[in-house]
Amino acid sequence: MLLSDSNRLTANPSVTQLTTSQNSTLTIHQKSVLMRLSGDVMGSMKTIQGFLSDTELPTDELATLHLSQANNHMYRFEFKDAHNEIQKWKPSRISVSDYLLWDQMICASRALKGTGEFHAAKIALEKCLATPGLPKHKRCLAVSMFSDVLCELWAMESDTSFLLRAETLVRSELQHFRERLGPYPKGFRRLLLALLENLVCQNLTNEAASVSNELLAIYKSLGELDIIDRLGHVRTLIAQARLAHTPTDAVPRWLDVLRWNRHYNPYEEEVFTCGVVYLALANRWCELEQQSIASTYFQRSAQVLAHKRRQFLIPGLGTYILCEIRTSCHPLLAISATLIAVA
């Protein structure tokens, strides 16, 4: 979820020519972004670290690399390291780009969200959104992240005004895309994902189902997905599973989440997401009176959740979605489900 199109070098408009050192930094930054988008996060990290260890450039000229490295750490859920990396760049030039400062703020917002500090993330994102003259892709990123954070705050505080504020903001941004012809960029997909989560939280199931189908059609049309759209695809599948009206409909949808997660991460051990999905499957199999299958999934869920730290990459997965699955568990699982430890 984590790197955006916004994490790029933004040159000062007054600068008409890049120095050799700036060109080198730009090249390494672009290479690191492409590697990360393709899924090679470790390769991206090594590329940046190799350059930083050999360069004598001033910190001001390395800002984009530190922010890119911070995004790498966040992909690996190393949020303390990400925060330290963000702090390595402290702007000192009067001529530094406002957009570069914005990139640092959005990166910090993502780190706060990733550690579950939703109130602090909200404040940081409000500052991002208040920046005048933002390019469209940057504003879409900030709006979609802000909406996701508001969904978390809605669940924390049982205050529907958070959802209504998020919905209004996202729909306003989407309207600009709806009025144009041609293919929709990544920013549009980000906004659709934010709207989908908002609609599911509001229990507006018919429109949520329509938006989820639109997203799945878009992902199918894209062919090979980058790491951001892979996450978006899995996130959409989770939303569809949550929208299922019957256990018969829900089981294949939750299994689809596991299948695609495994497809996108074939060499990755079972992650926190898997633990939540296993618990949902255990509940649904119980409802279908398949106790043996339910027990198997329940044990797998307990094993994963006991060893994996709670994650907030997908909105609600480590908070209200997990809580909802636990509290709605079949009577045969309910007591045990509340006792499952989460690292």
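Just name the residue that is farthest from Tyr267 (Cα to Cα) out of those in the stretch 34-55 that are of a type in the set (Ser, Thr, Tyr) and at pLDDT below 95. Taking the candidates together, the pick is Thr55. More than 18 Å from the chain's Cα centre (by Cα), on the phi < 0 side of the Ramachandran plot and touching a residue at least 24 places away in the same chain (Cβ under 8 Å) - does that describe any residue in the stretch 289-297? The answer is yes, given that some residue of the stretch 289-297 is more than 18 Å from the chain's Cα centre (by Cα), on the phi < 0 side of the Ramachandran plot and touching a residue at least 24 places away in the same chain (Cβ under 8 Å).
Which of the residues that make up the stretch 42-65 are closer than 20 Å to Gln104 by Cβ and hydrophobic (A, V, I, L, M, F, W, C)? Reasoning before the result, please.
At the first step, the residues of the stretch 42-65 found to be closer than 20 Å to Gln104 by Cβ are 44-45, 48-49, 51-52, 55, 57-65.
Residues satisfying the conditions are Met45, Ile48, Phe51, Leu52, Leu57, Leu62, Ala63, Leu65.
Whether a residue is free of Cβ contacts under 8 Å to residues at least 60 places away in the same chain, touching a Cys at 6+ places or on another chain (Cβ under 8 Å) and of a type in the set (A, V, I, L, M) was assessed, and Leu225 does not pass this test. Mind listing just one residue for me: the one in the stretch 305-321 that is closer than 14 Å to Thr273 by Cβ and modelled with pLDDT of 95 or more and, of those, surrounded by the most Cβ atoms within 10 Å (Cβ to Cβ)? Selected residue: Pro315. Write out, first by first residue and then by second, each pair whose Cβ atoms fall under 6 Å of each other, whose residues are 6+ apart or on separate chains, and whose first residue, in the stretch 262-287, is not assigned by TED's automatic domain parsing to the domain that holds Thr327 and hydroxyl-bearing (Ser, Thr, Tyr) while the second is crowded, with 23+ Cβ neighbours inside 10 Å and in a helix (DSSP H, G or I). Note: no pairs meet the criteria.
Could you pull out every one of the helices (runs of 4 or more DSSP H) wholly within the stretch 25-130 that has 3 or more residues that are among the β-branched types (Val, Ile, Thr)? Reasoning before the result, please.
Numbers: elements: 41-54, 63-75, 79-87, 98-114, 118-129.
In the stretch 25-130, 41-54 are the helices (runs of 4 or more DSSP H) which contain 3 or more residues that are among the β-branched types (Val, Ile, Thr).
Across the stretch 175-217, what is the total count of residues that are part of a helix (DSSP H, G or I), among the hydrophobic types (A, V, I, L, M, F, W, C) and either loosely packed, with under 12 Cβ neighbours inside 10 Å or modelled with pLDDT under 95 (or both)? Residues in the stretch 175-217 being part of a helix (DSSP H, G or I), among the hydrophobic types (A, V, I, L, M, F, W, C) and either loosely packed, with under 12 Cβ neighbours inside 10 Å or modelled with pLDDT under 95 (or both): 2 in total.
Say whether the condition of being free of Cβ contacts under 8 Å to residues at least 12 places away in the same chain and in a loop (DSSP other than H, G, I, E, B) is met by at least one residue in the stretch 147-158.
Just the residues of the stretch 147-158 that are free of Cβ contacts under 8 Å to residues at least 12 places away in the same chain, to begin with: 157-158.
Still in the running and in a loop (DSSP other than H, G, I, E, B): 158.
Looking through the stretch 147-158, at least one residue is free of Cβ contacts under 8 Å to residues at least 12 places away in the same chain and in a loop (DSSP other than H, G, I, E, B).
The values are calculated or read from the model by the stated rules, or taken from the named source; none is laboratory data. Keep in mind that this is a model prediction, so the values were computed, not measured. Here the Cβ is made from the backbone with ideal geometry for all residues, glycine too, and neighbour counts use every protein chain on show.
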